[in-house]
1. Going by the structure shown, is GLY65 part of a strand (DSSP E or B) and either open to solvent by less than 50 Å² (accessible area, probe 1.4 Å) or under 24 Å from ALA193 (Cβ atoms) (or both)?
2. Search the range 333-369 for residues being at pLDDT below 95 and in a helix (DSSP H, G or I), and hand back the single one that is surrounded by the most Cβ atoms within 10 Å (Cβ to Cβ).
3. Between ASP45, ASP117, which is assigned to a helix (DSSP H, G or I) and either open to solvent by 10 Å² or more (accessible area, probe 1.4 Å) or within 28 Å of ILE177 (Cβ to Cβ) (or both)?
4. So which pairs qualify, if the first residue must be in the range 350-379 and more than 12 Å from VAL340 (Cα to Cα), the second must be in a helix (DSSP H, G or I) and open to solvent by 30 Å² or more (accessible area, probe 1.4 Å), the Cβ gap must be under 8 Å, and the two must be at least 6 apart or on different chains?
5. Name, by its number, the condition in (1) farther than 19 Å from GLU189 by Cα; (2) touching a Lys or Arg at 6+ places or on another chain (Cβ under 7 Å); (3) aliphatic (A, V, I, L, M) that does not hold for LEU107.
6. I'd like to know if the range 95-107 contains one or more residues that are under 17 Å from the mean Cα position of the chain (by Cα) and charged (D, E, K, R).
7. For the range 245-264, give me each residue that is modelled with pLDDT under 75 and either out of contact with any strand residue (DSSP E or B) (no Cβ under 6 Å at 6 or more places or on another chain) or open to solvent by 10 Å² or more (accessible area, probe 1.4 Å) (or both).
Amino acid sequence: MKKRRRILSFLLALTLFFGLSGCQESRVPNGGKNKIERYFRSCMDDRGFSGAVYAVYCGETVFDGGAGMATESLKNGSEVAYGVASVTKQFTAAVILQLYEQGRLDLSDPIGKFFPDYRYGKAITVRHLLCQRSGIPDYMVDMDTTGKQVIISVTEGGTAYAVVDVKNTAEENQKIIRDFFLSRELLFEPGAAFDYSDSNYALLAEIVSQVSGLRYHEYVRQHIFEPLGMAHSAFIDDFDRQQLAAVAQTDRDEFAIDYYTVKGAEYGCGDILTTPRDLYRWYRGLMDGKVIGEASYQLMTTNYSAPSELGYGFGQMISDRGDSKAVYHYGYIPSYYSAVIYVPAHDLFLTVLSNHGDGDPHKLASDLAVYFGSVIGVTLVDIE
């Protein structure tokens, strides 16, 4: 009887999943792949784009191409690793939800539990950090022209600055940055508004470390990258060059040094290096329940913003005004641009990763996604 129940449960889970994804009968329409290929190629060429574009529909790759050079000797493509910047935030949100599922933290925990000296620690919760409603000002990172120091700034009725040294350890820089933005006034009462802030996710990464007993990077490697087979994914300031031999070079005309030489500057909010193919493995893992359970996935992809605000869940931008919900995110760190757009109900996936700003990679991604959706029969809105 127990065996029969397990089989029935398994069949039910398959039915629910394939019913949700809409892929049991769906295929790319006749001629659709050729249309997508022509349109994507023309957009990439016409706009002078340099990077990789990868698109999947119902498990079938419908476009896999690159333009320009990743390095002097390596062309851009789906097996090259790029800094994905703020796309990192959804990974941080997912590991927080893993710890929540294990009962090791609660989303309603005040962050003073983890940062006892913070004066607003009792008013701000883990949930506020996740959905970008804490009021903690966003910190920004800028390299000077010499490449010898990094300027950290916060704008709040004037601009305040801190400096981190490229010779510092990741832990030293993380503490400098954290102490700096936690010394600032809140922008608003926690929960009262949406304000996108890297500071929120830098704090969440530190919470992961405190709760799990592992450094954030190590926790993500063990609980995300390895289980999902993301063998070409790492972090910008501590990756193994033998593991990631194909890493796109950043724009030398704009920046004197590689951004990933600055240890700890984007901790938990923008520091993942990965390939387009690994990003699809990530989204499939989320959908398949290999990362978090269904209830947590719903928490992650719920829009907590007011209609006048940017739609945002936990580490995911949310568009829920089309005929199908889209989860997406854009990112930038010097000089990597990233965009990932995913429609769970149709297993429609598109990522655009770039090592240059030429061709406006974020606008390219939204244009390609809208066209991709039109060919498949999915209307996408509000993803710019």
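1. Working: part of a strand (DSSP E or B): yes; either open to solvent by less than 50 Å² (accessible area, probe 1.4 Å) or under 24 Å from ALA193 (Cβ atoms) (or both): yes.
So GLY65 fits the description; yes.
2. Applying the filter and picking the extreme gives HIS346.
3. Values: ASP117 fails: assigned to a helix (DSSP H, G or I).
The match here is ASP45.
4. Close Cβ pairs (under 8 Å, with a partner that is in a helix (DSSP H, G or I) and open to solvent by 30 Å² or more (accessible area, probe 1.4 Å)) amount to TYR371/TYR39; VAL375/LYS35; ILE376/HIS346; VAL378/HIS346.
5. If we test LEU107 against (1) farther than 19 Å from GLU189 by Cα; (2) touching a Lys or Arg at 6+ places or on another chain (Cβ under 7 Å); (3) aliphatic (A, V, I, L, M), just (1) comes out false.
6. The first filter runs over the range 95-107 and keeps only residues under 17 Å from the mean Cα position of the chain (by Cα), leaving 95-98.
Next, only the ones that are charged (D, E, K, R) stay: none.
There is no residue in the range 95-107 that is under 17 Å from the mean Cα position of the chain (by Cα) and charged (D, E, K, R).
7. If the condition is that a residue be modelled with pLDDT under 75 and either out of contact with any strand residue (DSSP E or B) (no Cβ under 6 Å at 6 or more places or on another chain) or open to solvent by 10 Å² or more (accessible area, probe 1.4 Å) (or both), then ALA245, ASP251, ARG252, ASP253, GLU254, PHE255, ALA256, ILE257, ASP258, TYR260, THR261 are the ones that fit.
The rows are residues; the columns are (1) over 13 Å from the mean Cα position of the chain (by Cα); (2) not hydrophobic (A, V, I, L, M, F, W, C).
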| position | (1), (2) |
| --- | --- |
| ASP278 | no, yes |
| VAL291 | yes, no |
| SER338 | no, yes |
| PRO344 | yes, yes |
| LEU348 | yes, no |
| GLY357 | yes, yes |
| TYR371 | yes, yes |
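The values are calculated or read from the model by the stated rules, or taken from the named source; none is laboratory data. Since the model is a prediction, treat every value here as computed from it, not as a measurement. Heads up, the Cβs are rebuilt from the backbone with ideal geometry, glycines too, and the neighbour counts pull from every protein chain shown. All accessible areas refer to the heavy atoms of the entire protein, side chains included, with ligands and DNA or RNA removed. Shrake-Rupley method; radii C 1.70, N 1.55, O 1.52, S 1.80 Å.
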